[in-house]
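Worksheet: the structure to be examined is printed underneath.
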Amino acid sequence: MKLIIHRGTKEIGGNCVELSTENTRVVIDLGMPLVDARGEPFDSRELEDKSIPELVDERLLPNVPGLYAGEDKTVDAVLLSHSHQDHYGLFRYINPEIPVYMTEGAQALINASDLFIPTKANIQKPIVFEKRKSLTIGDFTVAPRLVDHSAFDAVAFLIEGKDKKIFYSGDFRCSGRKRKLFEHMINHPVKDIDYLLLEGSMLGRVEGPYPNEESVEQKLESTFKNKQNIAFVFCSSQNIDRIVSIYKAAKHTGQTIVIDLYTAYILDSLKCISRRLPQYFWRDIRVIYFKYHAKTLADNDLLNFLYKCNKNKIEKVDVNRDRKNIVMITRDNYDFTKILDNIDNASGVKAIYSMWEGYLEKSGLEEKLRQREIQLERVHTSGHATKQDLKRFVEAMKPGCLIPIHTFYPQDYQGLFFDTPVRQLEDGEMLVLK
Ligand SMILES: [Zn+2]
């Protein structure tokens, strides 16, 4: 059996892994890079107007023969660990004949995103795998394992074939609403793992003041309590754990949550998977309409959804009028600026940044708020396991060999996991698994 990490041996983002035997080739994830060759934030416009051979030549697409549209198909399957762009952002280039395996939640989120973003994944042959069931792909047996992560329905993969066991951690943590999954994995570790491909996002990052989702919820609750004006919470609509935290904190303090149509649609897409997720028709939720979202839904034959949301629609003028009792989930964009400008009096407005800070630096959001004398407060916990939790994980799993992936600090693995042999690979290097 052979392993190639096509991308991700020394960076976060752009993950792409290949496992192969003489008969079978499986690719796991094909993500959008977060950084370019110079270490600057990756600009996805670089991909525009280029053919697949050009993209491969320029190393914007990993060189995986037989994976892409227009080539002879020699890859048997693609597996997706979770619905974050740094893991599926380049799926639109995959040969439409190749089946793409994912969880129900990942599929729902990708389908919902595809409506609203110009760079659609456009997966032609999706296959939803049943949780807790293994599947056979040629020489491989693949067992998806649900993990706790900021992406809903994220999985790790245990892959067996030719007497070798490989565990691909995907992205995971032990601080979210599904942390029991982590504890369960530690208490019932997979035995005899030969190679553990382990994410290390938190290596080199400082752990913030909020260690878990509960501490975020508590902080939000104390912020919402006795507030005198609107509270804006900047958050990804796909970070479902966080949406639940905001909802609970707002509910406990008697606040109404305002979400946009996009967020309402995302949550609606997941209602068959979890009935406990907040929905647009709940009593303490209102939906605000922005032109782009409404047009997108209408253009995609979703007028019915628009009509249903109408019952809980809130007008901008009412957001201003009821601002003292409103928590609004938002993102830094044109529509947010309009809403902010529409607020009569900015005194006492709360602004909470509840996502990864990497997005904040170049956004100009803090300056925009500062001009209105609003201070941006950061309340966030990471989607990734801390160094301490990674250690607990490795100590429990006892792999024969550890392979760094999804990290900017692969050279730090051996120092951190000193009891376990670490094999640091280069992007594109082939390792024969013995
Ligand atoms: Zn990732």
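The values are calculated or read from the model by the stated rules, or taken from the named source; none is laboratory data. Here the structure is a predicted model, which means the values were calculated and not measured. In this analysis, Cβ positions are derived from the backbone assuming ideal geometry, glycine residues included, and neighbour counts consider all displayed protein chains. Only protein heavy atoms, including side chains, enter the accessible area calculation; ligands, DNA and RNA are left aside. Shrake-Rupley method; radii C 1.70, N 1.55, O 1.52, S 1.80 Å.
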(request) Name the one entry in S150, S222, S237, S245 that is surrounded by 24 or more Cβ atoms within 10 Å (Cβ to Cβ) and more than 16 Å from the ligand (Cβ to nearest atom). (result) S245
(request) Identify all residues within the stretch 200-217 that are within 16 Å of the ligand (Cβ to nearest atom) and open to solvent by 40 Å² or more (accessible area, probe 1.4 Å); write none if there are none. (result) G204, R205
(request) May I ask you to list the residues in the stretch 15-32 that are within 13 Å of the ligand (Cβ to nearest atom) and either at pLDDT below 95 or open to solvent by 10 Å² or more (accessible area, probe 1.4 Å) (or both)? (result) M32
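Take the conditions among the polar types (S, T, N, Q) and free of Cβ contacts under 8 Å to residues at least 40 places away in the same chain and apply them to N226. Does it pass?
So N226 fits the description; yes.
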(request) Write out, first by first residue and then by second, each pair whose Cβ atoms fall under 8 Å of each other, whose residues are 6+ apart or on separate chains, and whose first residue, in the stretch 1-29, is more than 23 Å from F408 (Cα to Cα) and among the acidic types (D, E) while the second is open to solvent by less than 10 Å² (accessible area, probe 1.4 Å) and outside any strand (DSSP E or B). (result) none
(message) Just to verify a result, which residue in the stretch 154-163, among those that are modelled with pLDDT of 95 or more and either not β-branched (V, I, T) or not assigned by TED's automatic domain parsing to the domain that holds T74 (or both), is surrounded by the most Cβ atoms within 10 Å (Cβ to Cβ)?
(response) A154
(request) Would you be able to tell me the number of residues in the stretch 37-65 that are exposed (fewer than 12 other Cβ atoms within 10 Å of the Cβ) and among the hydrophobic types (A, V, I, L, M, F, W, C)? (result) 1
(request) Check S269 against each of (1) farther than 21 Å from S113 by Cα; (2) buried (at least 18 other Cβ atoms within 10 Å of the Cβ); (3) among the hydroxyl-bearing types (S, T, Y); (4) not assigned by TED's automatic domain parsing to the domain that holds L115 and name the one condition it does not meet. (result) (1)
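Okay, residues lined up against (1) open to solvent by less than 20 Å² (accessible area, probe 1.4 Å); (2) more than 16 Å from the ligand (Cβ to nearest atom):
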residue: I343; (1), (2): yes, yes
residue: A351; (1), (2): yes, yes
residue: Y359; (1), (2): no, no
residue: L365; (1), (2): yes, yes
residue: L369; (1), (2): yes, yes
residue: R372; (1), (2): no, yes
residue: K391; (1), (2): no, yes
(message) Checking the condition under 25 Å from T136 (Cβ atoms) and either open to solvent by 10 Å² or more (accessible area, probe 1.4 Å) or away from the ligand (no atom under 16 Å from the Cβ) (or both), which residue from L197, L181 passes?
(response) L181
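Quick grid of which residues meet (1) assigned to a loop (DSSP other than H, G, I, E, B); (2) without any contact (Cβ under 8 Å) to a residue 60 or more places away in the chain; (3) in contact with a Ser or Thr (Cβ under 6 Å, 6 or more places away or on another chain):
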position: T74; (1), (2), (3): yes, yes, no
position: S81; (1), (2), (3): yes, no, no
position: A108; (1), (2), (3): no, no, yes
position: A112; (1), (2), (3): no, no, yes
position: T136; (1), (2), (3): no, yes, no
position: V142; (1), (2), (3): no, no, no
position: A156; (1), (2), (3): no, no, yes
